[in-house]
Number of protein chains: 2
Amino acid sequence: MATSEPTASGADQDPNTANLRPSSTTYDQAWMHGCTRKLGMKICGFLQKNNSLDDKGRLAGQKNLLSCDNSDRDARFRRTESDFSNLYARDLLPAKNGEEPTIQFLMEVVEILTNYVRKTFDRSTKVLDFHHPHQLLEGMEGFNLELSDQPESLEQILVDCRDTLKYGVRTGHPRFFNQLSTGLDIIGLAGEWLTSTANTNMFTYEIAPVFVLMEQLTLKKMREIVGWPNGEGDGLFSPGGAISNMYSVMIARYKFFPEVKAKGMSAAPRLVLFTSEHSHYSIKKAGAALGFGSENVILLSTDERGRVIPADLEAKIIDAKQKGCVPLFVNATGGSTVYGAFDPINEIADICQKYNLWLHVDGAWGGGLLMSRKHRHKLNGIERANSVTWNPHKMMGVPLQCSAILVREKGILAGCNSMCAGYLFQPDKQYDVTYDTGDMAIQCGRHVDIFKFWLMWKAKGTIGFEQHIDKCLDLSQYLYNKIKDREGYQMVFDGVPQHTNVCFWYLPLSLRGMPEGEERREKLHRVAPKIKALMMESGTTMVGYQPQGQKVNFFRMVISNPAATQSDIDFLIDEIERLGHDL
Amino acid sequence: MATSEPTASGADQDPNTANLRPSSTTYDQAWMHGCTRKLGMKICGFLQKNNSLDDKGRLAGQKNLLSCDNSDRDARFRRTESDFSNLYARDLLPAKNGEEPTIQFLMEVVEILTNYVRKTFDRSTKVLDFHHPHQLLEGMEGFNLELSDQPESLEQILVDCRDTLKYGVRTGHPRFFNQLSTGLDIIGLAGEWLTSTANTNMFTYEIAPVFVLMEQLTLKKMREIVGWPNGEGDGLFSPGGAISNMYSVMIARYKFFPEVKAKGMSAAPRLVLFTSEHSHYSIKKAGAALGFGSENVILLSTDERGRVIPADLEAKIIDAKQKGCVPLFVNATGGSTVYGAFDPINEIADICQKYNLWLHVDGAWGGGLLMSRKHRHKLNGIERANSVTWNPHKMMGVPLQCSAILVREKGILAGCNSMCAGYLFQPDKQYDVTYDTGDMAIQCGRHVDIFKFWLMWKAKGTIGFEQHIDKCLDLSQYLYNKIKDREGYQMVFDGVPQHTNVCFWYLPLSLRGMPEGEERREKLHRVAPKIKALMMESGTTMVGYQPQGQKVNFFRMVISNPAATQSDIDFLIDEIERLGHDL
């Protein structure tokens, strides 16, 4: 439950209101408790205390600003400070005398958010309170999603905020394992709050001086970690790994066929791209969008662990050339989405070198391992890549969105994308306009994605990211060791996972004796969706599943959540067995 | 100044600490003042009050949690609550006992942010405190942008947050007119804070049920306002207008040449796109990126107000066909970036109909006018478009990023972009998977851009947006009326602006008598950059300038900031004259 529900009686009062004249020690403890738990009530308690000490009548004058009277609570409506019922958005800043209600409104919102933060980390709360689309659309207990012509009061807006969180999914909950991006980093959260308060745009130094410099320094640091000399090169933060991967294809094309920028694809021969059959679908999307055609994105075979077979790459390059195509680009995946596989970058780089192809490493998911001295060897050879996608919003726990495209050759992003818009990129500004990096992007306006990441790096140090990554990989090995020989489990591939992905089938009792064959396959295919549905309905945990190639639906467990512990892994196993044992 | 600077002496104390035993009325007023002004100090004042009433010794035990002792302030360091000097990111949630420091840290951040919000709307503060890149890179008074291996204390992190805001630009300041996106909407800000706390992803209903539904309902509402029957169609929120425009080109190509998705551009004839010479550069960028080639983006001539001349479109279509090209797509701009011009959509739509071309309306900047009964006629004919870009983060004051691509034909976005990734878009989920809209996008992960906008719409109502837009247009007319015949001003084009863009040259005294000619042009070209530089160095206001075609640098004033008033317009004029009169 994401909201602070009212209590029906006054028995369960806030410690502040219940202790108007406490003994000193109790009072302080109660207050500190209140301070961190319910800011609004603390303010109430504070007012009431002064009230009781001095003059009850005085408070009446404040009623319209802040009311603590809970006696008229109506169980049908969640409690909000009553002063907001007559206030509207138009009463907030920049309105005259808008400062008081503005700050009070924001503090109410912050109370809702800090309550949500606390509950996110509380294992006694659910991960989600599942409802079907039609249920939410019909309106849950007055939560009306429809927009109207007339404004709603700020009281209703606060209710809407609570309800939005109540019916959402706690992606930071220690038992949320559903995506590659999990967790709720407090520093990152603070960074996002500041970013949205600054509300500016990355396209020019002029209006984002600090953020532009932070981006440049951070990208340089990332390039150093990739292993490019002195961290030289290009890069920017894009709205996600798919766009970062799209950039890599664009700049590869620009490098070898710069005339395509002006003349279009007809100026180039038939170009082909190579990527693993296990790679992220964004390479194929980029191929389709950029005019190569998805059929010209050639899928490479993998070994049983999902890693590209270099010989297959070479064979397919030769085959493509024989068919009159021109091989352009190879994507090596550093941490595949489902198996967590790392393609052998060095062997792929040798082939790219031999045939003069652009090498991109999609490290959206696995790039974070570069921060770990223990695990970065899995990306050996990445320093030979021409470009790298690396999403700090995945393995490094940075809030969404935060994805970097890193490029070894300086100037190529600008060469590929610049259109020199006069209204933004005036050459006659008073500062060094090489810091106006917006024309390198396919976007015009660009969200400030850097600050939260920069702030987290400051707050944790490189060493803090390393510890987080090592811990997540340890946890996934704990899970692997626990289930690899456990009754009812079957691993999708053998051996210790390279990344935190642990892929497995759970076999209900009814399937355990069944011989291999189509009937068993069909039944097994239905197990993971069924368990997942029950899991979501009970709201206790979330983990993903999918088929892959000829393999029927299996669970893909991934760990990037800093809140997860061994007990949460144990819980997940227990929960799968509880829900699935008798299917 | 964005930070709460320490005062050297104790004379300028916070009202709370200065009034430990006030008279009751004074105290309450002082407290209410403190409540909204300095939350941290309020907490301190509260603790000290209890301390003075009961037992000073007790407070010592709280020292590590919250200290109010300012006596050891060092002028070289900004004040933070001293308890954070020994706390690190690792002490916050999910750490054991991390809840107290987490909430206290977030409250400190909120204090910094609410101070910033207050100052943003305070005309006695500067819009910016300008520094050159090299100055910021060298480190301003200990503001070190470099990242390191070791973590910094939370105290330093709070200082970093203050410094980041201090050296940034107040885009919500009533005198910030530099971009199309200005202002700081409090409801939108609250929405962004909530969005980042929820930290989820738009790709599936599974992990963003409420946000996915909000997006669908809001897009439907926007399509209704565009004028498509029953608001039917497609759409999504993209990371900005450039990407939205890119979507429009992609789906136009898919509509007429669906085989390009699989086969690439070689499967299509030479396709050409048409857009005004005044249109946003993103159409050209899209043409280059998607494989059309920027030369196949044909620029249309405009009248003196920057509006496309329909006859020129038809002539260029015929010309392109004669050259063996296939006209595909026409972009009509609804509110151009520099002039604020609205292309005549109905006349363009007639031509598109005649030649069977895709009609896109780039209403990134002007789409907001659809919310105004008084001004929406400027977009007449938009209901005949096949697709529309509309950025609520511009004219409607929604925080960045918030851009919608709206499409009349349902299903075409999915047809164009879907790749059916099994790990995300499982068909065997327990809920109606038509709500998993992620595969329509070229992105995989997609930031939640909808909530702030939905919440603002709830809080203002359609009517609130209308009032905002009408007010901004009134203000721009006020500016126009004030300068059109004023000495020293020359309008770039005649007549009342269609949008809030007011384009003008300011002529310093030395230029006023000078005859037309190259010398005057060269001198005039240098005036706006010089005034702008002085403006930024004095930090008083910000307005954009640029050349356009053969026209030398001129100011482009735009008004989307809800905080701006006539007095701010007056201030801008005074400031231009103060800084430019004697150039």
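Exactly one of these conditions fails for B:Met222: (1) of a type in the set (A, V, I, L, M); (2) facing another protein chain (nearest Cβ under 7 Å); (3) within 22 Å of the chain's Cα centre (by Cα). Give me its number.
For B:Met222, the failing item is (2).
Give the residue, chosen from B:Ala262, B:Ala198, B:Ala267, that is out of contact with any Ser or Thr (no Cβ under 8 Å at 6 or more places or on another chain) and facing chain A (nearest Cβ under 10 Å).
Numbers: B:Ala262 fails: out of contact with any Ser or Thr (no Cβ under 8 Å at 6 or more places or on another chain); B:Ala198 fails: out of contact with any Ser or Thr (no Cβ under 8 Å at 6 or more places or on another chain).
After ruling out the rest, the residue left standing is B:Ala267.
Among the candidates A:Asp470, A:Asp485, A:Asp449, single out the residue that is in contact with a Ser or Thr (Cβ under 7 Å, 6 or more places away or on another chain) and acidic (Asp, Glu).
Working: A:Asp485 fails: in contact with a Ser or Thr (Cβ under 7 Å, 6 or more places away or on another chain); A:Asp449 fails: in contact with a Ser or Thr (Cβ under 7 Å, 6 or more places away or on another chain).
None of the others qualify; the one that does is A:Asp470.
Which pairs do you get when a residue that is more than 9 Å from chain B (Cβ to nearest Cβ) and polar (S, T, N, Q), found in the range A:156-180, comes within reach of a residue that is surrounded by 24 or more Cβ atoms within 10 Å (Cβ to Cβ) and assigned to a loop (DSSP other than H, G, I, E, B), reach meaning Cβ atoms under 8 angstrom, with the pair 6+ apart or on two chains?
none
Considering only residues that are free of Cβ contacts under 8 Å to residues at least 60 places away in the same chain and more than 21 Å from the chain's Cα centre (by Cα), which ones fall in the range A:539-566? Quick ask: steps written out before the conclusion?
Initially, the range A:539-566 is screened for residues free of Cβ contacts under 8 Å to residues at least 60 places away in the same chain, giving A:545, A:547, A:550-553, A:555.
Matches in the range A:539-566: A:Pro547, A:Gln550, A:Lys551, A:Val552, A:Asn553.
Considering each residue of the range A:228-244, count those that are within 9 Å of chain B (Cβ to nearest Cβ) and either in a helix (DSSP H, G or I) or modelled with pLDDT under 95 (or both), and give that number.
Going through the range A:228-244, the residues within 9 Å of chain B (Cβ to nearest Cβ) turn out to be A:238-243.
Now drop any that are not either in a helix (DSSP H, G or I) or modelled with pLDDT under 95 (or both), which leaves A:241-243.
So the answer is 3.
Kindly indicate whether A:Phe493 is assigned to a strand (DSSP E or B), modelled with pLDDT of 95 or more, more than 10 Å from chain B (Cβ to nearest Cβ) and within 24 Å of A:Gly306 (Cβ to Cβ).
Working: assigned to a strand (DSSP E or B): no; modelled with pLDDT of 95 or more: yes; more than 10 Å from chain B (Cβ to nearest Cβ): yes; within 24 Å of A:Gly306 (Cβ to Cβ): yes.
Taking the combined requirement at face value, the residue does not satisfy it.
Show the residue pairs that are 6+ apart or on different chains and have beta-carbon atoms under 8 Å apart, the first residue being within the range A:330-341 and in a strand (DSSP E or B), the second being acidic (Asp, Glu).
Matching pairs, first to second residue: A:Asn331/A:Asp362; A:Ala332/A:Asp343; A:Ala332/A:Asp362; A:Thr333/A:Asp343; A:Thr333/A:Asp362; A:Gly334/A:Asp343; A:Gly334/A:Asp362.
Give me the pairs, please: first residue somewhere in the range A:214-233 and touching a residue at least 60 places away in the same chain (Cβ under 8 Å) and under 19 Å from A:Lys458 (Cα atoms), second residue anywhere and basic (Lys, Arg) and in a helix (DSSP H, G or I), beta-carbon distance under 9 Å, and either six or more positions apart or on two chains.
A:Ile225/A:Arg376
Consider the range B:282-311. How many of its residues are away from every other protein chain (no Cβ under 14 Å) and either touching a residue at least 60 places away in the same chain (Cβ under 8 Å) or buried (at least 18 other Cβ atoms within 10 Å of the Cβ) (or both)? Quick ask: steps written out before the conclusion?
Going residue by residue through the range B:282-311, those that are away from every other protein chain (no Cβ under 14 Å) are B:300-305, B:307-311.
Narrowing the set further to residues that are either touching a residue at least 60 places away in the same chain (Cβ under 8 Å) or buried (at least 18 other Cβ atoms within 10 Å of the Cβ) (or both) leaves B:300, B:302, B:304-305, B:307-308, B:310.
Final tally of qualifying residues: 7.
Exactly one of (1) assigned to a strand (DSSP E or B); (2) within 14 Å of chain B (Cβ to nearest Cβ) is unmet by A:Lys429. Its number?
Failing condition for A:Lys429: (1).
Keeping to the range B:252-281, report how many residues are buried (at least 19 other Cβ atoms within 10 Å of the Cβ) and closer than 30 Å to B:Arg305 by Cα.
Qualifying residue count for the region: 11.
Check the range B:404-419 and report whether any residue there is over 22 Å from B:Phe451 (Cβ atoms) and among the basic types (Lys, Arg).
yes
Filter the range A:505-521 down to residues that are assigned to a helix (DSSP H, G or I) and either of a type in the set (Ser, Thr, Tyr) or in the same structural domain as A:Ser301 (by TED's automatic domain parsing) (or both), then give me how many there are.
Here is the first cut: in the range A:505-521, the residues assigned to a helix (DSSP H, G or I) are A:509-512, A:518-521.
Cutting the leftovers down to either of a type in the set (Ser, Thr, Tyr) or in the same structural domain as A:Ser301 (by TED's automatic domain parsing) (or both) gives us A:510.
Result for the range A:505-521: 1.
In the range B:418-457, what residues are surrounded by 23 or more Cβ atoms within 10 Å (Cβ to Cβ) and either without any contact (Cβ under 8 Å) to a residue 40 or more places away in the chain or of a type in the set (Phe, Trp, Tyr) (or both)?
Within the range B:418-457, B:Phe451, B:Phe453, B:Trp454, B:Trp457 qualify.
Condition first: over 24 Å from A:Ser196 (Cβ atoms), facing chain A (nearest Cβ under 8 Å) and out of contact with any Leu (no Cβ under 8 Å at 6 or more places or on another chain). Now tell me which residues in the range B:117-153 satisfy that.
Hits for the range B:117-153 are B:His132, B:His134, B:Ser148, B:Asp149, B:Gln150, B:Pro151.
On the basis of being assigned to a helix (DSSP H, G or I), in contact (Cβ under 8 Å) with a residue 24 or more places away in the chain, facing another protein chain (nearest Cβ under 9 Å) and within 22 Å of the chain's Cα centre (by Cα), does B:Met250 make the cut? Give the derivation first.
Details: assigned to a helix (DSSP H, G or I): yes; in contact (Cβ under 8 Å) with a residue 24 or more places away in the chain: yes; facing another protein chain (nearest Cβ under 9 Å): yes; within 22 Å of the chain's Cα centre (by Cα): no.
So B:Met250 does not fit the description; no.
Specify which of the listed residues (A:Gly397, A:Gly381) is touching a Pro at 6+ places or on another chain (Cβ under 7 Å), at positive phi, at pLDDT 95 or above and in the same structural domain as A:Leu328 (by TED's automatic domain parsing).
Values: A:Gly381 fails: touching a Pro at 6+ places or on another chain (Cβ under 7 Å).
Unique residue meeting the criteria: A:Gly397.
Just wondering, is there one or more residues in the range B:149-163 that are outside the structural domain of B:Tyr423 (by TED's automatic domain parsing) and in contact with a strand residue (DSSP E or B) (Cβ under 6 Å, 6 or more places away or on another chain)? Working first, answer last.
Step one: filter the range B:149-163 for residues outside the structural domain of B:Tyr423 (by TED's automatic domain parsing), giving B:149-163.
Subset that is in contact with a strand residue (DSSP E or B) (Cβ under 6 Å, 6 or more places away or on another chain): B:163.
Within the range B:149-163 (the criterion being outside the structural domain of B:Tyr423 (by TED's automatic domain parsing) and in contact with a strand residue (DSSP E or B) (Cβ under 6 Å, 6 or more places away or on another chain)), the answer is yes, since at least one residue qualifies.
State whether one or more residues within the range B:427-447 are at pLDDT 95 or above and under 30 Å from A:Asp91 (Cα atoms).
Yes, that holds for at least one residue.
Given the conditions (1) within 13 Å of chain B (Cβ to nearest Cβ); (2) more than 30 Å from A:Leu370 (Cα to Cα), and given that A:Glu516 satisfies all but one, which numbered condition is not satisfied?
(1) is the only condition that A:Glu516 fails.
From the residues in the range A:522-575 that are assigned to a strand (DSSP E or B) and aliphatic (A, V, I, L, M), which one is nearest to A:Leu128 (Cα to Cα)?
Within the range A:522-575, the first condition is being assigned to a strand (DSSP E or B), and the residues that meet it are A:542-548, A:551-557.
Then keep just the ones that are aliphatic (A, V, I, L, M); that gives A:542-543, A:552, A:557.
Numbers: A:Met542: 9, A:Val543: 12, A:Val552: 27, A:Met557: 18 Å.
Looking at the filtered set, the residue picked out is A:Met542.
For the subset of the range A:540-556 comprising residues that are surrounded by fewer than 22 Cβ atoms within 10 Å (Cβ to Cβ) and closer than 20 Å to A:Lys126 by Cα, which member is farthest from the other protein chains (Cβ to nearest Cβ)?
Per the criteria, the residue is A:Thr540.
The values are calculated or read from the model by the stated rules, or taken from the named source; none is laboratory data. Please read all numbers here as calculations on a predicted model, not as lab measurements. Cβ sites come from the backbone with ideal geometry, for glycine too, and all protein chains shown count toward neighbours.
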